[in-house]
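> One structure, as structure tokens, below. Some questions next.
The values are calculated or read from the model by the stated rules, or taken from the named source; none is laboratory data. Note that the structure is a prediction, hence the values are computed from the model and not measured. Neighbour counts run over all protein chains shown; Cβ positions are idealised from the backbone, glycine included. We work out accessible area using only protein heavy atoms, side chains counted, and drop any ligands, DNA or RNA first. Shrake-Rupley method; radii C 1.70, N 1.55, O 1.52, S 1.80 Å.
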Amino acid sequence: QVQLVESGGGLVQAGGSLRLSCAASGNIFRPNTMGWYRQAPGKQRELVATITSGGNTNYADSAKGRFTISRDNAKNLVYLQMNSLKPEDTAVYYCNLRSALRNSWGQGTQVTVSE
């Protein structure tokens with residue numbers, strides 16, 4: 001079993017920045033891919049960014065150039081630095097860890113970007 005705990009969400013004005021963190025614990029199988037997904041009200045959950053154990057990254061078009069994903073393998077942490085935030089980035093952001101054995105999700109952290 002894997003536990004994922006997100007932190008760092010909050011309320012920010014458009015153009016501002018936030019840094020999300022996710023701490024993974026439990027039976028973590030490697031190699032794995034960690035990532036961030038988001039779900040806005042009335043919409044489906046969507047990919048934001050992912051990063052593999054080896055550091056390969058993948059971004060949604062909406063995140064490219066503004067968001068940066070990184071991870072600390074030794075501490076089982078993944079981060080999402082979000083800059084130039086827009087109101088349309090408002091959503092619950094979920095941490096994800098996917099390996100050959102399981103696909104785990106955190107509880108989510110709310111990000112609200114005001115005009």
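> Go through the residues of the range 2-18 one by one and say whether even a single one is closer than 18 Å to Arg102 by Cβ and either surrounded by fewer than 16 Cβ atoms within 10 Å (Cβ to Cβ) or among the polar types (S, T, N, Q) (or both).
Yes, the range 2-18 contains at least one residue that is closer than 18 Å to Arg102 by Cβ and either surrounded by fewer than 16 Cβ atoms within 10 Å (Cβ to Cβ) or among the polar types (S, T, N, Q) (or both).
> In addition: From the list Gly65, Gly42, Gly54, exactly one residue is touching a Pro at 6+ places or on another chain (Cβ under 8 Å), open to solvent by 60 Å² or more (accessible area, probe 1.4 Å) and free of Cβ contacts under 8 Å to residues at least 40 places away in the same chain. Which is it?
Unique residue meeting the criteria: Gly54.
> With (1) farther than 18 Å from Thr109 by Cα; (2) modelled with pLDDT under 95 as the list, and Pro41 as the residue in question, which single condition is left unmet?
(1)
> Moving to a separate point now. If you go through the range 19-39 one residue at a time, how many are of a type outside the set (S, T, N, Q), open to solvent by 70 Å² or more (accessible area, probe 1.4 Å) and over 12 Å from the mean Cα position of the chain (by Cα)?
In the first step, residues of the range 19-39 are kept if they are of a type outside the set (S, T, N, Q); the result is 19-20, 22-24, 26, 28-31, 34-38.
Adding the requirement that they be open to solvent by 70 Å² or more (accessible area, probe 1.4 Å) leaves 19, 29-31.
Filter once more, so that each one left must be over 12 Å from the mean Cα position of the chain (by Cα): 29-31.
Number of matching residues: 3.
> Another one. Inside the range 68-84, can you point out the residues that are in contact (Cβ under 8 Å) with a residue 40 or more places away in the chain and closer than 14 Å to Trp36 by Cβ?
Within the range 68-84, Leu77, Val78, Tyr79, Leu80, Gln81, Met82 qualify.
Residue-by-condition table, conditions (1) among the charged types (D, E, K, R); (2) modelled with pLDDT under 95; (3) over 21 Å from Ser104 (Cα atoms):
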residue: Gln3; (1), (2), (3): no, no, no
residue: Glu6; (1), (2), (3): yes, no, no
residue: Gly10; (1), (2), (3): no, no, yes
residue: Gln13; (1), (2), (3): no, no, yes
residue: Ser17; (1), (2), (3): no, no, yes
residue: Ala24; (1), (2), (3): no, no, no
residue: Arg45; (1), (2), (3): yes, no, no
residue: Tyr59; (1), (2), (3): no, no, no
residue: Ile69; (1), (2), (3): no, no, no
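> When you check Asn103 against the structure, is it open to solvent by 70 Å² or more (accessible area, probe 1.4 Å), free of Cβ contacts under 8 Å to residues at least 24 places away in the same chain, of a type outside the set (A, V, I, L, M) and over 25 Å from Gln1 (Cα atoms), yes or no?
no
> Moving on to the next point. Answer yes or no as to whether Ser99 is polar (S, T, N, Q) and closer than 24 Å to Val113 by Cα.
No, not satisfied.
> What residue, among those in the range 68-94 that are among the hydrophobic types (A, V, I, L, M, F, W, C) and under 13 Å from Ala24 (Cα atoms), is least open to solvent (accessible area, probe 1.4 Å)?
Initially, the range 68-94 is screened for residues among the hydrophobic types (A, V, I, L, M, F, W, C), giving 69, 74, 77-78, 80, 82, 85, 91-92.
In the following step, the residues that additionally are under 13 Å from Ala24 (Cα atoms) were identified as 74, 77-78.
Numbers: Ala74: 99, Leu77: 35, Val78: 0 Å².
Only one residue tops the list, namely Val78.
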